[in-house]
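Asks: One structure is given below, represented as structure tokens, and several questions about it will come after.
Since every read-out is calculated from the coordinates, none of them should be taken as a lab result. This one's a predicted model, so the numbers in the text were calculated from it and none came from an experiment. Cβ coordinates were reconstructed from backbone atoms using ideal geometry, including for glycine residues, and neighbour counts include every protein chain displayed.
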Amino acid sequence: MLKTIKSLSEYEQLYNEYVTEGHVRGYLNYFISKKNISAYINEEKIKYAVVDGTLFLFADQGNYYKMYFWRLTAKTKSLPDADKEICCDIYEQQNNNFTVNVLHQLFIENNYECKQKYEQVRLSYGNLHTISFKYLEENKWKLYENNMRIGTVSLNDKSEVEQLIVDYMGKYNKLSIEDEDWQEQIRNNNVVGIYVADNLIAVYYFTEKASRIVVGKNYRGQNLSVYLRMYFASQIRWAISSKNQYDWAEANNISTKITFAKLFAIYTGKIKYRYVKTI
């Protein structure tokens, strides 16, 4: 049975016991900022369970939990149950990794299904910045011809952005505990979109390690995803940037691979598997 974490101090005690003071090294999939954890704890949206010495955290995302864990080893034979669907991502740095293969077996034996496989890509908006202006100029006719406009998404468009993501990427990709505060994202110009009249038909939601890009079904095949990224790359902050950014490409999505090829992205070899348990 899952227990609700009532305070930040309770969370920190669990963290210290199972992570900081733990002598057993094991697999983890936890990459959440303390700020986000605090906000979820205040709303009583973080639950936990301990199984075979492994700490599991469950972030309540409304109609499912996102599950995270620390110190998962070969001694862990079972996974916690919950009162709603569970989504859990595991990461593999290279193919046929023994530890990850054991992990796959653990999830399968506990009635999880691998729903999707993603490959990590690395790209640089600093490198794209110089060529973005030419690309935008040469392709702007596509927008004019179809009565489209591009720009930073409004603070009030959050529900439209979330609905686009859910409709075309699925509910497990919606904005979650892993994302920055919406107002902060808008303030930092990290969400850009394409509109037809006042209707948002495509959006690019940027983060350093896991962006989302969505184009409505009726507007695909026009390279709008490339146009959005080039528009984003034209921002002045990338003029002298040497930082790399990372993204995930669906392993079997040919159009996504074509898009990343146009952006000179490099595949890093890291893979993300998305496991889901339904009830």
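Asks: How far is the Cα center of region 124-165 from the Cα center of region 183-261, in Å?
Replies: First find each Cα centre; the distance between them is then 7 Å.
Asks: Considering all alpha-carbon pairs of the chain, what whole percent are spaced by more than 28 angstrom?
Replies: Numbers: 16302 of 38781 pairs.
Value for the chain (Cα pairs over 28 Å): 42 percent.
Asks: Next up: Between GLU180, GLU12, GLU250, where does the largest GNM mean-square fluctuation fall for the chain, given springs only between Cα atoms within less than 10 Å?
Replies: Per the Cα network of the chain with a 10 Å cutoff, GLU12 tops the list.
Asks: Along Cα→Cβ, 7 Å out, is where each label goes; now give me the distance between the ones at VAL51 and SER159 in nm to one decimal.
Replies: 3.7
Asks: Another question, then. Distance cut-off 21 Å, Cα to Cα: go down the list LYS35/LYS174; LYS3/LYS117; LYS117/LYS243; LYS34/LYS243; LYS117/LYS257 and report the pairs above it.
Replies: Values: LYS35/LYS174 19 Å; LYS3/LYS117 30 Å; LYS117/LYS243 26 Å; LYS34/LYS243 23 Å; LYS117/LYS257 14 Å.
Over 21 Å apart, Cα to Cα: LYS3/LYS117; LYS117/LYS243; LYS34/LYS243.
Asks: May I pose another question? Contact order normalised by length for region 125-243, with contacts defined as Cα pairs under 8 Å and 6 or more residues apart; what percent is it? List each step's numbers first, then the result.
Replies: Values: 149 pairs, mean separation 45.0, N = 119.
For region 125-243, the relative contact order is 38 percent.
Asks: Within 10 Å, count the other beta carbons around each residue, average over each peptide in 109-120, 229-240, and list them highest first.
Replies: Highest-to-lowest ranking by the protection proxy: 229-240, 109-120.
Asks: Another question, if that's okay. Once the piece of chain linking ILE131 and ILE266 is laid out straight, how much longer is it, given 0.36 nm per residue of separation minus the C-alpha distance between them? Kindly include the intermediate steps, with their values, before the conclusion.
Replies: Details: separation 135, 0.36 × 135 = 48.60 nm, distance 1.76 nm.
Value of the extension gain: 46.8 nm.
Asks: Within a Cβ distance under 9 Å of TYR273, other residues only, what is the Lys/Arg minus Asp/Glu net charge? Please list the in-between numbers first.
Replies: Values: positive: LYS115, LYS117, LYS272, ARG274; negative: ASP89, GLU92.
Overall, the nearby charge balance is +2.
Asks: Specify which residue in the list VAL161, VAL203, THR256 is farthest towards the positive end of the charge dipole of the chain, using unit charges on the beta carbon of Lys, Arg (+1) and Asp, Glu (-1), about the Cα centre.
Replies: THR256
Asks: Still on this model: Return the FRET efficiency for the residue pair ASN253, ASN146: r is the Cβ-Cβ distance, R0 is 22 Å, and the value is rounded to the nearest 0.05. Don't skip to the end; give the middle numbers.
Replies: Details: r = 24 Å, r/R0 = 1.08.
That pair, ASN253 with ASN146, gives E of 0.40.
Asks: To make sure I understand the rule: partners must be aspartates and glutamates, Cα under 19 Å from the Cα of LYS77, and not fewer than 8 residues away in the same chain. Which ones qualify?
Replies: LYS77 reaches ASP52, ASP89, GLU109, GLU113.
Asks: While we're on this one: Can you tell me the length gained on complete extension of the stretch LYS243 to LEU8, counting 0.36 nm per residue apart and subtracting the Cα distance? Before the final figure, lay out the partial values.
Replies: Working: separation 235, 0.36 × 235 = 84.60 nm, distance 3.28 nm.
Result for the pair: 81.3 nm of gain on full extension.
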